[in-house]
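Chemist: I have a structure I would like to understand better, so I am pasting it below and will then ask my questions one at a time.
The values are calculated or read from the model by the stated rules, or taken from the named source; none is laboratory data. From a predicted model like this one, the values you see are computed outputs, not experimental measurements. Every residue, glycine as well, gets a Cβ built from its backbone with ideal geometry; the counts of neighbours run over all protein chains shown. Note: accessible area is taken over every heavy atom of the protein model, side chains too, but ligands, DNA and RNA are not part of it. Shrake-Rupley method; radii C 1.70, N 1.55, O 1.52, S 1.80 Å.
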Amino acid sequence: MQTLQLILDGLMRRYRERVPDVDKVISAMIAEGIIRHGNDIENDHIAFRTMGVPNLGIQSLERIFLHHGYTRRDYYHFAEKKLNAYWYAPPDPALPRIFISELRVGDLSERVQEIIHSYTSEVTADPVLSLDLDSASAVDAFLHSGLWRLPSLEDFRALAAESEYASWAIYNRYYLNHFTISVHNLPDGYNDIGRFNAFLEKHGLVLNDSGGKYKESPDGLLLQSSTVAGMIDAAFANGETARIAGSYVEFAERRVLPAFAHLSTSEIQRVHRREGFEAANANRIFESTYSSQTNKH
């Protein structure tokens, strides 16, 4: 468990360095008296994006987390965005769930497939198989290292024209796509998604409004919102640079299941709340890095 915690800490440390909105949200929450310290926040889940190609994709990345006690759960398919995904339950309820998605590269145009394979074919064996999974430093270094050469700006833009998920993943690789604040565990007045969104906007955060500023599952028990990804200065091959979408922050409210509605607030634990994910919600949350949203910055 200690090794897993170190891996998760490494992911969060680098994520906070690259996503200024994380500290902006946490600082606002502290200033408002919602929390006293960033550690008071429960991390609902973290998410990764991968390429569905030989030696990579879900089947490779998941090995790290399965090794450390995570359990693969539900499968999701996103036809419009050409993605597959699974979520993974942690070995301890104090740890975040993990959501790993994968681009169905074979469903893209031949030209885009050629561009993607020109990079990913540099990976000739599953890199996780040769990784010391019991070494937190080795896993941390792997998750923040290049798997293929630096893409050209021309290739990045060609991918983005067909799949902004593809362009994000070809540049950012396994960098954490987002972490998620559990809104339902915040104090009264801030523990529902609508009020928390209002708090975020009061402090200048720009929210993803695809499908509404919060996305709600059909059963009404899972509500999610997210910031729009901040733009980062990206260095490409041949010395070219451009501003591209980085990562973002998500917020989730998991309501108590009807079977446990009789429980007092002090009795409610994670197991009593709506579990898993909702494909329609996730489909819109993906767009937090898409130009239709980032152009609002």
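Chemist: Regarding the stretch 182-193, can at least one residue be identified that is open to solvent by 30 Å² or more (accessible area, probe 1.4 Å), charged (D, E, K, R), closer than 23 Å to Ser101 by Cα and modelled with pLDDT under 95?
Modeler: no
Chemist: Residues to consider are Leu133, Leu129, Leu95; find the one that is within 29 Å of Glu287 (Cβ to Cβ), touching a residue at least 40 places away in the same chain (Cβ under 8 Å) and either of a type outside the set (Ser, Thr, Tyr) or in a strand (DSSP E or B) (or both).
Modeler: Values: Leu133 fails: within 29 Å of Glu287 (Cβ to Cβ); Leu129 fails: within 29 Å of Glu287 (Cβ to Cβ).
Of Leu133, Leu129, Leu95, the one residue that is within 29 Å of Glu287 (Cβ to Cβ), touching a residue at least 40 places away in the same chain (Cβ under 8 Å) and either of a type outside the set (Ser, Thr, Tyr) or in a strand (DSSP E or B) (or both) is Leu95.
Chemist: Only one of (1) in contact (Cβ under 8 Å) with a residue 12 or more places away in the chain; (2) in a helix (DSSP H, G or I) is not met by Glu154, so which one is it?
Modeler: If we test Glu154 against (1) in contact (Cβ under 8 Å) with a residue 12 or more places away in the chain; (2) in a helix (DSSP H, G or I), just (1) comes out false.
Chemist: Anything in the stretch 228-249 that is more than 27 Å from Ser217 (Cβ to Cβ), out of contact with any Gly (no Cβ under 9 Å at 6 or more places or on another chain) and not hydroxyl-bearing (Ser, Thr, Tyr)? List them, or say none.
Modeler: Asp233, Ala235, Phe236, Ala237, Asn238, Gly239, Glu240, Ala242, Arg243, Ile244
Chemist: Looking only at the stretch 250-289, filter to residues that are under 14 Å from the mean Cα position of the chain (by Cα) and of a type in the set (Ser, Thr, Tyr); which one of those is farthest from Ser217 (Cα to Cα)?
Modeler: Out of the qualifying residues, it is Thr289.
Chemist: Moving on to the next point. Report the residue count in the stretch 116-146 for those that are among the β-branched types (Val, Ile, Thr) and open to solvent by 30 Å² or more (accessible area, probe 1.4 Å). Explain how you work it out, then say what you get.
Modeler: Initially, the stretch 116-146 is screened for residues among the β-branched types (Val, Ile, Thr), giving 116, 120, 123-124, 128, 139.
Now restrict to residues that are open to solvent by 30 Å² or more (accessible area, probe 1.4 Å): 124.
Going through the stretch 116-146 one residue at a time, the tally reaches 1.
Chemist: Filtering the stretch 194-231 down to residues that are in a loop (DSSP other than H, G, I, E, B) and β-branched (Val, Ile, Thr), which residue is surrounded by the fewest Cβ atoms within 10 Å (Cβ to Cβ)? Explain how you work it out, then say what you get.
Modeler: Initial filter on the stretch 194-231 (in a loop (DSSP other than H, G, I, E, B)): 203-206, 208-214, 217-221, 228-230.
Still in the list and also β-branched (Val, Ile, Thr): 206, 228.
Numbers: Val206: 17, Val228: 25.
Among residues in the stretch 194-231 that are in a loop (DSSP other than H, G, I, E, B) and β-branched (Val, Ile, Thr), the one surrounded by the fewest Cβ atoms within 10 Å (Cβ to Cβ) is Val206.
Chemist: Do you know which residues across the stretch 61-74 are among the aromatic types (Phe, Trp, Tyr) and more than 16 Å from the chain's Cα centre (by Cα)? Show your work before the answer.
Modeler: Looking only at the stretch 61-74, we keep the residues that are among the aromatic types (Phe, Trp, Tyr), and these are 65, 70.
Across the stretch 61-74, the qualifying residue is only Tyr70.
Chemist: For the stretch 232-245, what are the residues that are farther than 14 Å from His178 by Cα and either in contact with a strand residue (DSSP E or B) (Cβ under 7 Å, 6 or more places away or on another chain) or among the hydrophobic types (A, V, I, L, M, F, W, C) (or both)?
Modeler: Taking the stretch 232-245 and keeping what is farther than 14 Å from His178 by Cα, we get 232-244.
Within the stretch 232-245, Ile232, Asp233, Ala234, Ala235, Phe236, Ala237, Thr241, Ala242, Arg243, Ile244 meet the criteria.
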